[in-house]
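The values are calculated or read from the model by the stated rules, or taken from the named source; none is laboratory data. Note that the structure is a prediction, hence the values are computed from the model and not measured. We place every Cβ from the backbone using ideal geometry, glycine too, and count neighbours over all the protein chains shown. The area values use the complete protein model at the heavy-atom level, side chains included, leaving out ligands, DNA and RNA. Shrake-Rupley method; radii C 1.70, N 1.55, O 1.52, S 1.80 Å.
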Amino acid sequence: MSAEAEILDELHRLRSRMPQLTGALAASADGLVLAQDSRGVEPEGVAALTAAALGIALRLTDATGQGGFRELLVRSDRGYVATYAAGPSAVLTLLAEGRVNVGRLHLEGRRSSSRISELLQATGRATAQQPDRPRGQPSALTDAPPLPIRPTSPRAGGSRSRSRHRGTGETPTT
Amino acid sequence: MANTETALKDALSTIEGATGAALVDYTSGMALGTVGGGTGFDLNVAAAGNTDVVRAKLRTMEHLGLNDEIEDILITLSTQYHLIRLLKSRGGNGLFLYLVLDSGRANLAMARHQLKKIEAELEV
């Protein structure tokens, strides 16, 4: 089974576990839809917007020196949009009704995004035979517009962001 | 009057057999504070799950046409008691206290009584 089909399965499982979800989509960090299960919204548009929001979120986490990006929650009058990092090159975006249990949304979203990350890594390994693309590049998380400042203080919890430096040529000096 | 952290610590230290406590917002399912739980018992998971319990009961009461309110909910496991107490004080709307008790050590009547007292003194 291809990674896309397995991701779609994961999204279906997620929606059946949480009936308050109105949509779920996995996108690459550059805004392309990997798999989606959402009616009533245009997945391509949401994926593209997610990528834009992600760019800002990454800059924010970077500028405030708080390590790698984890998740983004937007609350509106009638619902929520939640975006979770799924490894270095993909994100999971969930749409939910206003009466959703946000605690549970986070738990399920986090679990699902790490599962999607594993699925992508498994296929990344399969295609990692090309010598100059060892990590399934390109990834928009690493190719995002250059950030103005890299936090120079060697923070202990920087393991997530460290992996993102690879392949960008911006290897931290520490 | 006690703040969230003090109230939760009080619950854990004064109630015999208590192993974890949380103050949970059931409009969002997220915990405002947690104490104890230890490894292997994630109180944030418990907060989200028990939010569903409280919501289901409130909805059922509404469907039954009961014009009443929940004081507390007791869940009995084979080795633990889980006690949910909804806050009634001003400003405490939409919140509940969640208490995990080791059923071998706890006195249920005493625990309910003490939790009621802690709830009355809690100011959010």
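Tabulated values for the structure
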{"item": "Single residue of segment A:70-80 satisfying the filter (without any contact (Cβ under 8 Å) to a residue 24 or more places away in the chain and of a type in the set (A, V, I, L, M, F, W, C)) that is surrounded by the most Cβ atoms within 10 Å (Cβ to Cβ)", "result": "A:72"}
{"item": "Meets criteria (surrounded by 11 or more Cβ atoms within 10 Å (Cβ to Cβ), within 29 Å of residue A:20 (Cβ to Cβ) and more than 11 Å from the chain's Cα centre (by Cα)) for residue B:56", "result": "no"}
{"item": "Total residues in segment B:93-122, condition acidic (Asp, Glu) and either part of a helix (DSSP H, G or I) or open to solvent by 70 Å² or more (accessible area, probe 1.4 Å) (or both)", "result": "2"}
{"item": "Top-ranked residue in segment A:9-58 [being touching a residue at least 12 places away in the same chain (Cβ under 8 Å), assigned to a loop (DSSP other than H, G, I, E, B) and of a type outside the set (Lys, Arg); ranked as nearest to residue A:88 (Cα to Cα)]", "result": "A:29"}
{"item": "Any chance residue B:61 is within 14 Å of chain A (Cβ to nearest Cβ), out of contact with any Leu (no Cβ under 8 Å at 6 or more places or on another chain) and without any contact (Cβ under 8 Å) to a residue 40 or more places away in the chain", "result": "no"}
{"item": "Test: residue B:42 is farther than 15 Å from residue B:4 by Cα, within 14 Å of chain A (Cβ to nearest Cβ), surrounded by 10 or more Cβ atoms within 10 Å (Cβ to Cβ) and of a type in the set (Asp, Glu)", "result": "yes"}
{"item": "Filtered residues of segment A:38-54 (kept if surrounded by fewer than 18 Cβ atoms within 10 Å (Cβ to Cβ) and within 18 Å of residue A:13 (Cα to Cα))", "result": "A:39"}
{"item": "Tally of residues being within 11 Å of another protein chain (Cβ to nearest Cβ), free of Cβ contacts under 8 Å to residues at least 24 places away in the same chain and of a type in the set (Ser, Thr, Tyr) across segment B:5-39", "result": "1"}
{"item": "Test: residue in segment A:82-91 that is over 15 Å from residue A:117 (Cα atoms), at pLDDT 90 or above and surrounded by fewer than 21 Cβ atoms within 10 Å (Cβ to Cβ)", "result": "no"}
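So that you can scan it fast, the table gives a plain yes or no per residue for (1) assigned to a helix (DSSP H, G or I); (2) in contact with a Phe, Trp or Tyr (Cβ under 6 Å, 6 or more places away or on another chain); (3) away from chain B (no Cβ under 14 Å):
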| residue | (1), (2), (3) |
| --- | --- |
| A:73 | no, no, no |
| A:88 | no, no, yes |
| A:106 | yes, no, no |
| A:113 | yes, yes, yes |
| A:116 | yes, no, yes |
